[in-house]
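Here is the structure we will look at.
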Amino acid sequence: MSNLENTILVDLARKLFRGCTNFHIEPDSVKLMTWSWQELFVDLTLRSPVIKKYPISTELSRIFLKKLINCIEPVQEVHDNLYAELCRAMNNSAIEDYCYRHYVISNDLNNIITMKETKNMVVNGTTGMRTWEAALMLSDWILCNKELFSSKDVLELGSGIGFTGITLAKFCEPKSVTMTDCHEDVLQVLCENVDINFPSQCKNRSSDGTTYELDNVSRVANLWNGWTDFDGTFTDRC
Ligand SMILES: C[S@@+](CC[C@H](N)C(=O)[O-])C[C@H]1O[C@@H](n2cnc3c(N)ncnc32)[C@H](O)[C@@H]1O
């Protein structure tokens, strides 16, 4: 596969992984989406082990595949596997409270952060059940400035379901990351997301939080709900 074909594949796969259906494909790019390109695209995305284990929303994959097939159909023969995946998504009409989104780090399809989240901005009175665009932008900045966090104790206020803190813990080698939120349901999903992204870590639950020992050294992710009486002086006390 040429570099350009690979770039188009990774770019489109990243969008599908994170449930983004608002994409545009240039006519020149469609010409490169050959039968074998399409087969590889399905294998690396909808049939990949990570999506089999943590499925993306069927509604979003249905919209995505319809749009992709509409682009390809006038120019190329559409691969059977694309149609098969569309049929599968159309047959699944279950109402999903949660789905998974996968965020590709550094354009590497093997380097993924998986988040259990909702599609809605507000659920049960909280805005914390989905990853906000601001969290993605902040995480991009953090990944470009990893050295600022190396060996540091990092406190995140209002972590939501955890994308920023998990990214930092995974890629910046901090000494510790403390993620906080005031909403019980959010903390529950935050714990699940840490479990998903650090599957073999040792976990301890105490009355005031959940502590994960990362890679058996001193790195710790502590999920804590103690920010509710935040008075603005916490930074000084740190
Ligand atoms: C807009 S969401 C952002 C979540 C996450 N940082 C992101 O960008 O995806 C704000 C989060 O802050 C939490 N929050 C708001 N006020 C809080 C407070 N006083 N104490 C603790 N958490 C709070 C909410 O529960 C919610 O999960």
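The values are calculated or read from the model by the stated rules, or taken from the named source; none is laboratory data. On a predicted model such as this, the values are computed, not experimentally measured, just so you know. In this analysis, Cβ positions are derived from the backbone assuming ideal geometry, glycine residues included, and neighbour counts consider all displayed protein chains.
So the values come out like this:
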| read-out | value |
| --- | --- |
| Candidate set from region 73-99 (those that are of a type in the set (S, T, Y) and at pLDDT below 95); member that is nearest to the chain's Cα centre (by Cα) | Y98 |
| Options N3, N70; residue that is within 30 Å of M121 (Cβ to Cβ) and over 23 Å from the mean Cα position of the chain (by Cα) | N70 |
| Check on E147, part of a helix (DSSP H, G or I), surrounded by fewer than 12 Cβ atoms within 10 Å (Cβ to Cβ), more than 16 Å from the ligand (Cβ to nearest atom) and modelled with pLDDT of 95 or more | yes |
| Counted residues, region 119-157 - those being on the phi > 0 side of the Ramachandran plot and of a type in the set (D, E) | 0 |
| Pair list, Cβ under 8 Å, 6 or more apart: region 143-164 residue free of Cβ contacts under 8 Å to residues at least 12 places away in the same chain and closer than 25 Å to R101 by Cα, other residue within 7 Å of the ligand (Cβ to nearest atom) and basic (K, R) | none |
| Pairs, first of a type in the set (D, E) in region 46-63, second surrounded by fewer than 17 Cβ atoms within 10 Å (Cβ to Cβ), C-beta under 8 Å, six or more apart | E59/E96; E59/K119 |
| Qualifying position, being surrounded by 11 or more Cβ atoms within 10 Å (Cβ to Cβ), of a type in the set (A, V, I, L, M) and at pLDDT below 90, among L223, L190 | L223 |
| Residue pairs meeting the criteria (Cβ under 8 Å; at least 6 apart or on separate chains; first closer than 11 Å to K116 by Cβ and in a helix (DSSP H, G or I), in region 180-192; second among the hydroxyl-bearing types (S, T, Y) and near the ligand (Cβ under 9 Å from one of its atoms)) | L190/S159 |
| Members of region 1-45 found to be in contact (Cβ under 8 Å) with a residue 12 or more places away in the chain, assigned to a loop (DSSP other than H, G, I, E, B) and within 19 Å of P74 (Cα to Cα), listed by number | F23, I25, L32, M33, T34 |
| Residue count for region 97-143, restricted to those that are near the ligand (Cβ under 10 Å from one of its atoms) and acidic (D, E) | 2 |
| Qualifying residue in region 61-69 (condition: out of contact with any Leu (no Cβ under 8 Å at 6 or more places or on another chain), in a helix (DSSP H, G or I) and at negative phi) | yes |
| Scan of region 111-128 for residues that are within 13 Å of the chain's Cα centre (by Cα) and farther than 16 Å from T167 by Cβ, ordered by number | T118, K119 |
| Cβ pairs under 7 Å, 6+ apart, first in region 81-107 and surrounded by fewer than 12 Cβ atoms within 10 Å (Cβ to Cβ), second in a loop (DSSP other than H, G, I, E, B) | D97/T118 |
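Residues are listed down the side, and each one gets a yes or a no for (1) within 17 Å of the chain's Cα centre (by Cα); (2) over 19 Å from M115 (Cα atoms); (3) part of a helix (DSSP H, G or I):
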| position | (1), (2), (3) |
| --- | --- |
| R130 | yes, no, no |
| A135 | yes, no, yes |
| L138 | yes, no, yes |
| I142 | yes, no, yes |
| L155 | no, yes, no |
| G160 | yes, no, no |
| T167 | yes, no, yes |
| P174 | no, yes, no |
| D195 | yes, no, yes |
